[in-house]
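All of the numbers you see were taken from the coordinates with simple rules; none came from a lab. Quick caveat: nothing in here was measured; it's all calculated off a predicted structure. Ideal geometry is used to build each Cβ from the backbone, glycine not excepted, and the neighbour counts take in all protein chains shown.
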Amino acid sequence: MKLIALPAFSDNYLWLWQQDQLAVVVDPGDAAPVLQALADHGLTLAAILVTHHHADHVGGVRELHLATGAQVFGPAREEVPAPFTPVVHGDHLELLGQTVAVLDVPGHTAGHVAYFLPNAPHSPVLFCGDTLFSGGCGRIFEGTPAQMLASLDSLAALPPTTRVCCAHEYTLSNLRFALAVEPSNTDLQTYMAQCQQLRAQGTPTLPAQLGTELQINPFLRARHPRVRHAVAQHAGLSALEQTDDVAVFAALREWKNDFK
């Protein structure tokens with residue numbers, strides 16, 4: 001099994017998962033780089049997975065389906081270019097010899113899903129769309145802070161060796177914010193230096209490793225005393241609000257929204 005991050009637009013990655021001469025693509029917002037990769041590697045597209053309905057994730061779905069006949073899978077509660085097979089939490093797909101578990105992760109959008117491959121060679125793989133980023137999480141557009149926190153909690157419970165295939169190269173900007181929240185986090189300082197080196201070489205910072213994210217990502221660490229204290233100080237939370245996980249998480253997300 002081979003994972004290929006296809007750059008698209010200004011900062012998207014369209015994930016191509018290759019097994020022998022077959023491939024699955026995740027969130028193809030643009031068909032062109034996918035068709036080029038298929039031609040370059042002599043691959044046949046077997047399936048298209050969609051995590052949510054935003055244009056930069058579905059813009060190339062129809063063209064790819066028409067060009068290849070690949071079956072499209074997408075969240076049942078969101079609008080995905082037809083024809084598609086709706087999936088919901090608890091569904092299991094069998095694709096290219098792998099079991100793919102569907103996880104509900106609302107927050108960024110109301111019906112956002114993620115795809116988890118628990119038995120992928122070497123270590124599990126997670127395609128999480130715009131729910132989890134390295135060092136960050138997605139903006140809350142249609143859901144609620146409570147939903148996003150619950151979604152991140154569910155992802156945090158996956159094996160720490162999980163390879164996290166996020167849909168955007170937001171890592172360095174996320175880490176700058178993370179350092180504003182936890183400036184004394186030495187794991188975070190080390191990770192920032194590693195990611196800066198990767199980007200200087202033109203290399204993606206992804207996939208990330210979930211175990212690393214648990215050490216450096218403030219949105220997965222919103223209950224950590226250092227993060228909670230920093231958020232309370234920045235947002236002026238009351239003593240009662242400081243004991244409320246959702247209130248702290250919501251204030252953390254608002255802080256990031258306004259961070260320059």
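Tabulated values for the structure
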read-out: Residue match in segment 36-52 (condition: closer than 19 Å to Val102 by Cβ, surrounded by 18 or more Cβ atoms within 10 Å (Cβ to Cβ), polar (S, T, N, Q) and within 17 Å of the chain's Cα centre (by Cα)); value: yes
read-out: Yes/no for Thr190 being within 30 Å of Trp15 (Cα to Cα), of a type outside the set (D, E, K, R) and part of a loop (DSSP other than H, G, I, E, B); value: no
read-out: Top-ranked residue of segment 103-133 - restricted to ones that are under 18 Å from Leu149 (Cα atoms) and of a type in the set (Val, Ile, Thr), ranked as surrounded by the fewest Cβ atoms within 10 Å (Cβ to Cβ); value: Thr109
read-out: Contacts under 6 angstrom Cβ, first residue in segment 66-79 being closer than 9 Å to His112 by Cα, partner of a type in the set (Gly, Ala, Ser), 6 or more apart; value: Pro75/Gly111; Arg77/Gly111; Glu78/Gly111
read-out: Of all residues in segment 134-160 being more than 24 Å from Ser123 (Cα to Cα) and of a type in the set (S, T, N, Q), the one that is surrounded by the fewest Cβ atoms within 10 Å (Cβ to Cβ); value: Thr144
read-out: Selection count where residues are closer than 17 Å to Asp104 by Cβ, out of contact with any strand residue (DSSP E or B) (no Cβ under 9 Å at 6 or more places or on another chain), assigned to a loop (DSSP other than H, G, I, E, B) and not β-branched (Val, Ile, Thr), scope segment 138-167; value: 4
read-out: Arg163, sole failed condition from (1) surrounded by fewer than 18 Cβ atoms within 10 Å (Cβ to Cβ); (2) in contact with a Pro (Cβ under 7 Å, 6 or more places away or on another chain); value: (1)
read-out: Residue in segment 166-191 that is surrounded by the most Cβ atoms within 10 Å (Cβ to Cβ), counting only those that are more than 26 Å from His229 (Cα to Cα) and not charged (D, E, K, R); value: Cys166
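Condition check ((1) within 19 Å of Phe133 (Cβ to Cβ); (2) within 22 Å of the chain's Cα centre (by Cα); (3) touching a residue at least 24 places away in the same chain (Cβ under 8 Å); (4) surrounded by fewer than 20 Cβ atoms within 10 Å (Cβ to Cβ)) across all residues:
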| position | (1), (2), (3), (4) |
| --- | --- |
| Ala193 | yes, yes, no, yes |
| Ala200 | no, no, no, yes |
| Pro204 | yes, yes, yes, yes |
| Arg226 | no, no, yes, yes |
| Glu241 | no, no, no, yes |
| Phe249 | yes, yes, yes, no |
